[in-house]
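**Q** My questions all concern the structure below.
The values are calculated or read from the model by the stated rules, or taken from the named source; none is laboratory data. All of these numbers come straight from a predicted model, not from anything done at the bench. Virtual Cβ from ideal backbone geometry, glycine too; neighbours counted across all protein chains shown.
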Amino acid sequence: MEEMEKEVEHYQIPCSNELSVRWADAHSQEKLIRIAAGVQGSDGIEHHGPALASPADCFHCRAPVSGVPLKPRKELRFTELQSGQLEIKWSSKFNISIEPVIYVVQRRWNYGIHPSEDDATQWQTVAQTTDERVQLTDVRPSRWYQFRVAAVNVHGTRGFTAPSKHFRSSKDPSAPPAPANLRLANSTVNSDNTVTVAVVWDLPEEPDIPVHHYKVFWSWTVSGKSLVPTKKKRRKTTDGSQNSVLLDRLQPDYGYTVELQAIAYWGQTRLKGAKASLHFTPVHATSRKEQLGKTRKSTMHMQPPFQRRRPARLLEIGTPFYQDNQLQVKVYWKKTEGAQTLSDDLSSASSSPVTSGGY
């Protein structure tokens, strides 16, 4: 017993409100659970020990009391069940008190092909049980787990066991899920009348393996025609930590299809997730006010509405523009001797524009 008391003294912890328990009534189940919850403080620092304090002498730990349960044996045993659950078993030394004991189970893990304590997460409590075993349902492939167990009763605890050997599920990790909530965030009309759009999506919460990068494909249709050949599809990649991509130089009023696919790596194996798709048409924006009245000449051949004996003449039209809430266009032509003009009133015009509106 004297040797056991010396072991207890090595695990005294600072007092806190959670562990401040009056010795006279420290046998309630509620306070037992509170002690178990206080094995690791909210500050993330590991607090070992059975020492408790009364409200009168907080921050002055009292001498350890007898009855503190011994630590479980260091070796934890793992069994991966067919259901996918992980069963952890341990054994305890002879219980030196008649009070019930709660076992607090904590774990940490790291991604990767090899185990690493340097890259591991912080210890997290995953179970509290009165049995000497626990079954966990949320064990994920591709993660290296370590566990530790502490025995707690109303008198306190001697702390956690040493971290267990690493455990990894024998199951192969799954490919990343299809990107969720694929959508357009905004679009911008450029000076050359092309459109730049931002496509965004939601990142997966807890994939088996972190996404390495995303592949983005996009193709388009023109006036209902078939898709361009696959070899002419545009594509780009973006980092797996990003959730957006810019597509530039899109043509207004074209129908576009965007496909997004997550890619992950497990060793030398590349895992491809399912694709998510989005269909949209960039909107043709109204011309700017400062561009009103400015024209850029383009050439086209106009066929007369009726068969005439004279040959068709070459007409030139300017860029359409808005003015006074109407679509305007300027039409140019060269006067030909003996030929009819668009209007008898304008028959004397030569290389002069005619503005038509009200479309």
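**Q** Mind listing whichever residues of the stretch 107-138 are in a strand (DSSP E or B) and within 15 Å of LYS165 (Cβ to Cβ)?
**A** Scanning the stretch 107-138 gives ARG107, ARG108, TRP109, ASN110.
Table: residues versus (1) exposed (fewer than 13 other Cβ atoms within 10 Å of the Cβ); (2) on the phi < 0 side of the Ramachandran plot; (3) assigned by TED's automatic domain parsing to the domain that holds TYR265; (4) at pLDDT below 90.
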position: THR79; (1), (2), (3), (4): yes, yes, no, no
position: GLN82; (1), (2), (3), (4): yes, yes, no, yes
position: TRP90; (1), (2), (3), (4): no, yes, no, no
position: PRO100; (1), (2), (3), (4): no, yes, no, yes
position: TYR103; (1), (2), (3), (4): no, yes, no, no
position: PHE147; (1), (2), (3), (4): no, yes, no, no
position: HIS166; (1), (2), (3), (4): no, yes, no, no
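To keep it simple, each residue is scored yes or no on (1) among the polar types (S, T, N, Q); (2) modelled with pLDDT under 90; (3) under 16 Å from ASP208 (Cα atoms); (4) surrounded by fewer than 17 Cβ atoms within 10 Å (Cβ to Cβ).
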| position | (1), (2), (3), (4) |
| --- | --- |
| GLN242 | yes, no, no, yes |
| LEU246 | no, no, no, yes |
| PRO252 | no, yes, no, yes |
| ALA262 | no, no, yes, no |
| ARG288 | no, yes, no, yes |
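**Q** Would you check if GLN146 is out of contact with any His (no Cβ under 7 Å at 6 or more places or on another chain) and in a strand (DSSP E or B)?
**A** Against the criterion (out of contact with any His (no Cβ under 7 Å at 6 or more places or on another chain) and in a strand (DSSP E or B)), GLN146 does not qualify.
**Q** Continuing with this model, one more query. List pairs: first residue in the stretch 176-202 and outside the structural domain of PHE217 (by TED's automatic domain parsing) and surrounded by 16 or more Cβ atoms within 10 Å (Cβ to Cβ), second residue of a type in the set (Ser, Thr, Tyr) and not in a strand (DSSP E or B) anywhere in the structure, Cβ distance under 8 angstrom, at least six positions apart or on different chains.
**A** If the second residue must be of a type in the set (Ser, Thr, Tyr) and not in a strand (DSSP E or B), no pairs are left.
**Q** PRO141 is checked against (1) surrounded by fewer than 16 Cβ atoms within 10 Å (Cβ to Cβ); (2) at pLDDT 90 or above; (3) touching a Lys or Arg at 6+ places or on another chain (Cβ under 6 Å) and fails just one. What number does that condition carry?
**A** Condition (2) is where PRO141 drops out.
**Q** I would also like to ask the following. Given the options THR336, THR295, THR341, name the one that is modelled with pLDDT of 50 or more and assigned to a loop (DSSP other than H, G, I, E, B).
**A** THR336
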